[in-house]
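Colleague: The structure under discussion is supplied below as structure tokens; questions concerning it will follow.
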Amino acid sequence: MNIKKYRFGEPFCTDSTVIDLPIEKESPDYISLKEDNLFISMSLNDSDAIYGLGEQMGGINKRGRKYRSFCSDDPCHTEEKEALYGAHNFFIISGETTVGYFIDFPGTVHYDMGFTVEDEITISLEGKDADFYVINGENELEVVKNFRELIGKSYMPPMWAFGYQQSRWSYANKEQVDAVVDGYEKADIPLDSVILDIDYMDHYKDFTIDDKAFPNFESYVAELKKKGIRLIPIIDAGVRCEDGFDVYEEGVKNNYFCKDRNGDDFKAAVWPGICCFPDYLKADTRKWFGDKFHTLTDKGIEGFWIDMNEPALFFSMEGFKKAVDFVKQYNGEDLDCWDFFEYRDQFSKLSNSIDDYKNMHHLDGKYSHYDVHNLYGYMMTRGVGECLPKDTLLFSRASCIGSHRYGGIWTGDNTSWWSHILLNLRMLPSLNMCGYIYTGADCGGFNGNASRELVIRWMQLSVFTPLFRNHSAIGTRNQEAYAFSNNKEFKDVIEVRYRLIPYLYDLAKKCAENNEMMFKPLAFEYKDALSKETDDQVLLGDEAMITPVYEQNKSGRTVYLPEEMTFYKLSGNKVVHKEKLEKGVHFVNVALNEVPLFVRKGKKIPLCNTGKNVDNLDTTIVEYLEG
Ligand code: MIG
């Protein structure tokens, strides 16, 4: 297998890996203890590129930036951010030699990947107990394959989960969901699922349904299913503290919740108000919480998304009291600017505070949450994934390597910015490297108002990602495919997705089974200098290359072909353009209703006819795009 395992201290068992390797006797000299924390220091050659780290900002090549593994509920993904919702401690340094590294550690990890000093990597762990793996292989793809073998097979959802999904925070009642379904029907645009965000619940209480908003939920689910449309409800990590609420009461009675430092149930506020937090690190809690999903699967639900599982904490009562006391003492005082800033920030600092994470405890008080923070979303996904009926769709916001075996992930609260199309593209290979195959971003952008052009250009990328979900935040402009003028162009793009479903599904399945990447950086296949620097196109399987347009007011874009390829444009049920292009740089036109795709020499991509949704899709192959 070509993997060496090193152990430092007594690591917490994360179950991130599935193969038990012998522990090497001598550890590498680039790892040391610095003030009781593990510290890694390596040097970089000029030609070294760094790949991996999963859900992170930055380019495909991760060199020249800082990152942090600390699952973060941060809804503003600006360039300088160091941590998003995932903790994916796998990376490859590739230059004269190609070596992969995996840090199996549940706490915070700080990465300086040639930022402070250009040819130095320093990585510091907040702790001294960790397993460290060095993964060898002939090339990047082999290193990835070996690593993925170590961490176990990726989750694959049922085929309908590759259909187009429409979401919004929130379609709050049956009428609003009906309007979405009608909107798609009238515009004759395919649709597979409608997502239910938090407002379908009664007071945001997990496993409840507001039956004024959704009377006869079960028959409504069945009615939609007849049309080939599925509802996908959200479940949040925290459980509302309310006397008489069975989930809360069972949790208290059976010690299923995380404790505070005094041994009482830890409490903090999220959407439902004051909540308790299931201790997903306990096997019995996982089983209990996972089995609760049967209340919804019994009503015909076949897919879920799970949220707020970093966990996101809006505030704790202690934190709130401290802030109020602080502010009170200054009331009426003459504040200087610095005092004022401190005063002003008291309340915004309350959310996701380290103090609260330190007060939260797992496994009957044995571990402070802060030290094992990155496992929370992972263990929630695991508990749910282990209890759901086979072939249920599941995707999570927070994740840590290991959770890829139980569910997919979406990449959280992006914004309707052009740069986030590119960010979406760049994350795909690094997520695949870390085991996440069923993944995608909020297409059209979550925060902010989206323009018609942005949504349709974004779709030209999302038609290739396993999770293809249009989602947007409360208060933003409607961005359903029928919400804009000339929605025929949206139909033309979304229909292409359905033509590709047999190919995409088989490819994802093959990648999950064989530990391969669905989206690869050009540099993993082509060794020329320009391929190494190409950051805005990726390879799709072994067959193709995708090159979305990610800038406004453009009739197309510049693409780089590392070898001769055949350029196709697809629109609706038709292939509207086919052209052999030589190796080199080209400008290609891409109209708003077209999907560009480059097929590699000697390869082919099968297409079926488009359909209304996956249940009604005839997956017979009707033609091939040949390279
Ligand atoms: O604090 O459920 O990332 O997709 O729409 C916000 C409401 C909570 C965050 C998720 C987003 C979802 C939203 N949630």
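Colleague: Give the shape of segment 507-627 as rounded, prolate or oblate, defined through the alpha-carbon gyration tensor: a ≥ b ≥ c are the square roots of its eigenvalues, a/c under 1.5 means rounded, and otherwise the shape is prolate if a/b is larger than b/c and oblate if not. Provide the component values of the computation, followed by the final result.
Modeller: On the way: a/c = 1.75, a/b = 1.22, b/c = 1.44.
Oblate, since a/c reaches 1.5 and b/c is not below a/b.
Colleague: List the residues whose amide H sits under 5 Å from the amide H of LYS128, counting only those 5 or more places along or on another chain, with H placed 1.01 Å from N in the peptide plane.
Modeller: Hits under the 5 Å cutoff: LEU38.
Colleague: Now, a different point. When HIS110, HIS404, HIS88, HIS471 are ordered from fewest to most other Cβ atoms inside 10 Å of their Cβ, what list results? Present the calculation step by step, with values, prior to reporting the outcome.
Modeller: Working: HIS110 18, HIS404 30, HIS88 27, HIS471 23.
Ordered by Cβ neighbours within 10 Å, fewest first: HIS110, HIS471, HIS88, HIS404.
Colleague: Taking H as built 1.01 Å from N, whose amide H comes closer than 5 Å to the amide H of GLU525, not counting residues under 5 places away?
Modeller: none
Colleague: Placing unit charges on C-beta atoms (Lys and Arg positive, Asp and Glu negative, everything else neutral), compute the dipole magnitude of segment 337-482 about its Cα centre in debye, rounded to 20. Mind dumping the intermediate values first?
Modeller: Numbers: 13 positive and 13 negative charges, 98 e Å.
Roughly 460 debye, rounded to the nearest 20.
Colleague: Of LYS62/LYS569; LYS253/LYS292; LYS287/LYS510, which pairs sit farther than 20 Å apart, going by alpha carbon to alpha carbon?
Modeller: Numbers: LYS62/LYS569 31 Å; LYS253/LYS292 16 Å; LYS287/LYS510 30 Å.
Result: LYS62/LYS569; LYS287/LYS510 exceed 20 Å.
Colleague: What is the sum of charges around PRO106, taking Lys and Arg as +1, Asp and Glu as -1, for the other residues whose C-beta is under 15 Å from the C-beta of PRO106?
Modeller: Details: positive: ARG7, ARG68, LYS128, LYS282, LYS358, LYS366, ARG382; negative: GLU10, ASP15, ASP104, GLU126, ASP129, ASP131, ASP279, GLU310, ASP371.
Net charge around PRO106: -2.
Colleague: Search the structure for amide H atoms under 5 Å from the amide H of LEU393, placed 1.01 Å from N in the peptide plane, and list their residues when 5 or more places away or on another chain.
Modeller: GLY303, PHE304
Colleague: Let me ask another. Among LYS226, LYS491, LYS578, what is the fewest-to-most ranking by other Cβ atoms within 10 Å? Numbers along the way, then the final one.
Modeller: Working: LYS226 8, LYS491 21, LYS578 12.
Ordered by Cβ neighbours within 10 Å, fewest first: LYS226, LYS578, LYS491.
Colleague: Exposure proxy check: PHE12, PHE341, PHE115, PHE304 ranked by fewest other beta carbons within 10 Å? List each step's numbers first, then the result.
Modeller: Working: PHE12 20, PHE341 10, PHE115 16, PHE304 24.
Going from least to most buried by this count: PHE341, PHE115, PHE12, PHE304.
Colleague: Moving on. Output the peptides 25-32, 441-448, 273-280 sorted from most to least packed, where packing is the average of other Cβ atoms within 10 Å over each peptide's residues.
Modeller: Details: 25-32: 11.4, 441-448: 25.6, 273-280: 23.5.
Ranking, from highest mean packing down: 441-448, 273-280, 25-32.
Colleague: May I ask which of LYS509/LYS574; LYS212/LYS321; LYS390/LYS603 have a Cα-Cα span longer than 28 Å here? Could you put the intermediate results ahead of the total?
Modeller: Values: LYS509/LYS574 26 Å; LYS212/LYS321 36 Å; LYS390/LYS603 33 Å.
Beyond 28 Å between Cα atoms: LYS212/LYS321; LYS390/LYS603.
Colleague: Same structure again: Express as a percent, rounded to the nearest 5, the fraction of DSSP beta bridges in the chain (both residues included) that run antiparallel.
Modeller: Details: 82 of 108 bridges.
For the chain, the DSSP antiparallel bridge percentage is about 75.
Colleague: Let me ask something additional. How big is D for the chain, in µm² s⁻¹ as a whole number, if Stokes-Einstein is applied with the Kirkwood radius of its Cα pairs at 4 °C and 1.567 mPa s?
Modeller: Rounded to a whole number, D works out at 51 µm²/s.
Colleague: Towards the positive end of the charge dipole of segment 220-284, with charges on Cβ (+1 Lys, Arg; -1 Asp, Glu), say which of PRO278, PHE266, LEU224 has the farthest Cα.
Modeller: The listed residue farthest towards the positive side: LEU224.
Colleague: Roughly how many whole Å is it from the C-alpha centroid of segment 52-75 to that of segment 127-200?
Modeller: Computed from Cα coordinates, the inter-centre distance equals 19 Å.
Colleague: Sticking with this one: Just to verify a number: FRET efficiency for PHE39 and ASP15, C-beta to C-beta distance, R0 = 22 Å, to 0.05? Each step should come with its number before you reach the end.
Modeller: Numbers: r = 25 Å, r/R0 = 1.15.
In this case the efficiency is close to 0.30.
Colleague: What does the charge count around LEU597 come to, taking other residues whose C-beta lies under 13 Å from its C-beta (Lys +1, Arg +1, Asp -1, Glu -1)? Walk me through the numbers on the way to the answer.
Modeller: Values: positive: ARG497, ARG499, LYS569, LYS578, ARG600, LYS603, LYS604; negative: GLU543, GLU579, GLU594, GLU626.
Spelling it out: positives minus negatives among the neighbours equals +3.
Colleague: Just to confirm a number: summing +1 for Lys and Arg and -1 for Asp and Glu over residues other than VAL270 whose beta-carbon lies under 12 angstrom from that of VAL270, what do you get?
Modeller: Values: positive: LYS205, ARG240, LYS267; negative: ASP73, ASP206, ASP236, ASP307, GLU310, ASP356.
Residues near VAL270 contribute -3 overall.
Colleague: Separate question: Positive end of the charge dipole of segment 198-345 (Lys, Arg +1 and Asp, Glu -1 on Cβ, about the Cα centre): tell me which of TYR248, TYR343, TYR330 has its Cα farthest that way.
Modeller: TYR248
FYI, it's all coordinate maths here, none of it is from the lab. All figures in this text were calculated on a predicted structure; none of them were measured in a lab. In this analysis, Cβ positions are derived from the backbone assuming ideal geometry, glycine residues included, and neighbour counts consider all displayed protein chains.
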